[in-house]
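J.: This structure is in structure tokens; I'll ask about it shortly.
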Amino acid sequence: MTSFSPPTVSNEKVYYFDNNATTRIAPEVVTAMLPFLEQWWGNPSSAYRFGAAVHGHVESAREKVAALIGADPKEVVFTSCGTESNNSAIHSALYMNPGKKHVITTKVEHSANINFGEYLQKRGYDVTYLPVESDGLLDVHLLEKSIRPDTAIVSVMYANNETGVLFPIEEIAAICRSRGVLFHTDAVQIPGKLKLDVKALGVDFLSLSAHKLHAPKGIGMLYVKRRTKYQPYLIGGHQEKGRRGGTESVPNIIAFGRAAELAMSTLEDENTRVRALRDRLEDFILSRIPNTVRNGNKEQRLPNTANIAFDFVEAEAILLLLDQLGICASSGSACTTGSLDPSHVLMAMGLPPMRARGSVRFSLGIYNTSEDVDYLIQHLPRIIQKLRDISPLNPEHPDNESYDIEAAREKHESDLAEALAEEHAPAVS
Ligand code: PLP
């Protein structure tokens, strides 16, 4: 990877610890896509050479993306994002098996699955959301027991975007195969961090999103195993061999291809240097900042993710103060930002709501340096102390000698509800 200057906001350096939300576009990727914005803007479906040449580059990008996951290029369908890929896989399974009305997924999926499941329920389908253990792991026996004769598809994520916890995809795929049920995995968080091999995994469908691997937003991919019956989600032209209508986003596809090549070369860095940075950050927080807890299984997780609960403080307040120092982190999925509800992932793991509300995700990446971590750990203890000093939830708060944690929690929740109600109150003109 080419190194380049750190990102800035208003000329201030940004310390970026939110790589599970999105990633910086690699300079090599920008270089690869530029000619397709400036010179080669033809439509790849056009018959003349100006279009056909572009088509050739799209196919070469497809080969690169296929190589990233060990697939045949014919099994790669370009989509607009991970969300579209997830929706398309489930939609296709239901459409192709009209007698089957049951879908199995988990309570900790990305909203791309959770909300699609709720949409399906409103349309008369039955969706089972499997629970997880307190460390975020999945009980595969429970999954197996949940499969019914009318189950059309099981859709389980590979790595959780909030905690980094990994699910045993190969094992789940084998169960589904033996029961004759289609299996889809949302592997959006995997490229560049773990090796992907769809054949070894034995999945029928697999989703990726390019903006998680240093390519632009707005391009994703669905792997559809050879001979799997497939119904397009977007109906239109004959693009993608009739599997997705819509003119191909050529510059983004080219970018995805280049990013796929780079992702294979960064596995080593993610699993050694980035992992060591994550561990240093996590060890520092857990050993130096009191009342902190790791969320999620320590071993079965991505090398870049640390999700930590800071008791007696609100994650939103921590993030606000970090932001003032140019540090980017998050309290859950970027797609749920703005919601005052605690993370559905942490709630499914059985965390008390207050602890879930005090949890922050730090997700590192190949552009993070040791200096970034130094900067974060230099400031974090003071931020937490400052917030705890004024927190009504803190038992060590000077005004909290006769501290009743339940009463504090209730008051805090009613204050939040009041604040929310005010925010949504109609303006008086
Ligand atoms: N699945 C997971 C696990 C994700 O982390 C994300 C993005 O945060 C998505 C799906 C959705 O991907 P996209 O933003 O490309 O729609």
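The values are calculated or read from the model by the stated rules, or taken from the named source; none is laboratory data. All values reported here derive from a predicted model rather than from experimental measurement. Please note: Cβ atoms are built from the backbone with ideal geometry, for glycine as well, and neighbour counts cover all protein chains shown.
J.: Can you give me the number of residues within the stretch 197-221 that are within 16 Å of the ligand (Cβ to nearest atom) and buried (at least 24 other Cβ atoms within 10 Å of the Cβ)?
T.: Of the residues in the stretch 197-221, 14 are within 16 Å of the ligand (Cβ to nearest atom) and buried (at least 24 other Cβ atoms within 10 Å of the Cβ).
J.: Note down all Cβ pairs under 8 Å where the first residue falls in the stretch 306-333 and is over 12 Å from ARG355 (Cα atoms), the second is in a helix (DSSP H, G or I) and of a type in the set (Gly, Ala, Ser), and they're at least six residues apart or on different chains.
T.: Once the first residue is over 12 Å from ARG355 (Cα atoms) and sits in the stretch 306-333, its partners that are in a helix (DSSP H, G or I) and of a type in the set (Gly, Ala, Ser) give SER333/SER111.
J.: Any residue at all in the stretch 19-28 that's within 16 Å of the ligand (Cβ to nearest atom), within 30 Å of GLY136 (Cα to Cα), in a helix (DSSP H, G or I) and at pLDDT 95 or above?
T.: No - not one qualifying residue is present in the stretch 19-28.
J.: Here is a further query. Scan the stretch 325-348 residue by residue and report those that are modelled with pLDDT of 95 or more and among the polar types (S, T, N, Q).
T.: Of everything in the stretch 325-348, those that are modelled with pLDDT of 95 or more and among the polar types (S, T, N, Q) turn out to be SER330, SER343.
J.: Checking THR272 against (1) free of Cβ contacts under 8 Å to residues at least 24 places away in the same chain; (2) surrounded by 17 or more Cβ atoms within 10 Å (Cβ to Cβ), only one condition comes out false. Which one?
T.: (2)
J.: Which one of the conditions (1) surrounded by 20 or more Cβ atoms within 10 Å (Cβ to Cβ); (2) closer than 29 Å to ARG273 by Cβ does HIS379 fail to meet, given that it meets all the rest?
T.: (1)
J.: Kindly indicate the residue of the stretch 131-189 that is within 19 Å of MET349 (Cα to Cα) and either among the aromatic types (Phe, Trp, Tyr) or modelled with pLDDT under 95 (or both) and also farthest from the ligand (Cβ to nearest atom) among those meeting that condition.
T.: PHE167
J.: Go through (1) touching a residue at least 12 places away in the same chain (Cβ under 8 Å); (2) in a loop (DSSP other than H, G, I, E, B) and name the single condition ALA263 misses.
T.: Tallying (1) touching a residue at least 12 places away in the same chain (Cβ under 8 Å); (2) in a loop (DSSP other than H, G, I, E, B), ALA263 fails exactly one: (2).
J.: Can you confirm whether SER45 is among the polar types (S, T, N, Q), within 16 Å of the ligand (Cβ to nearest atom) and closer than 15 Å to GLU240 by Cβ?
T.: Considered against the rule, which asks whether it is among the polar types (S, T, N, Q), within 16 Å of the ligand (Cβ to nearest atom) and closer than 15 Å to GLU240 by Cβ, SER45 comes out as no.
J.: Report yes if some residue within the stretch 285-304 is among the charged types (D, E, K, R), in contact with a helix residue (DSSP H, G or I) (Cβ under 8 Å, 6 or more places away or on another chain), modelled with pLDDT of 95 or more and more than 28 Å from GLY51 (Cβ to Cβ); otherwise report no.
T.: Checked the stretch 285-304: at least one residue is among the charged types (D, E, K, R), in contact with a helix residue (DSSP H, G or I) (Cβ under 8 Å, 6 or more places away or on another chain), modelled with pLDDT of 95 or more and more than 28 Å from GLY51 (Cβ to Cβ).
J.: So which residues in the stretch 153-166 are surrounded by fewer than 24 Cβ atoms within 10 Å (Cβ to Cβ) and of a type in the set (A, V, I, L, M, F, W, C)?
T.: The answer is LEU166, and nothing else.
J.: So if I check each of LYS229, LYS241, LYS217, which one is touching a helix residue (DSSP H, G or I) at 6+ places or on another chain (Cβ under 6 Å) and more than 25 Å from VAL29 (Cβ to Cβ)?
T.: It is LYS229.
J.: Is it the case that SER85 is under 23 Å from LEU234 (Cα atoms) and among the hydroxyl-bearing types (Ser, Thr, Tyr)?
T.: Considered against the rule, which asks whether it is under 23 Å from LEU234 (Cα atoms) and among the hydroxyl-bearing types (Ser, Thr, Tyr), SER85 comes out as yes.
J.: Let me ask another. If I filter the stretch 69-121 down to residues being more than 16 Å from the ligand (Cβ to nearest atom) and assigned to a loop (DSSP other than H, G, I, E, B), which single residue comes out as surrounded by the most Cβ atoms within 10 Å (Cβ to Cβ)?
T.: For the stretch 69-121, the residue satisfying everything is ALA71.
J.: Going by what's in this entry, would LEU351 be described as touching a helix residue (DSSP H, G or I) at 6+ places or on another chain (Cβ under 8 Å) and either of a type in the set (A, V, I, L, M, F, W, C) or at pLDDT 95 or above (or both)?
T.: Judged against the criteria, LEU351 is not a match.
J.: To continue, here is another question. If I ask for residues that are part of a strand (DSSP E or B) and under 21 Å from the mean Cα position of the chain (by Cα), which ones from the stretch 273-317 would you list?
T.: ARG294, ARG301, THR305, ALA306, ASN307, ILE308, ALA309
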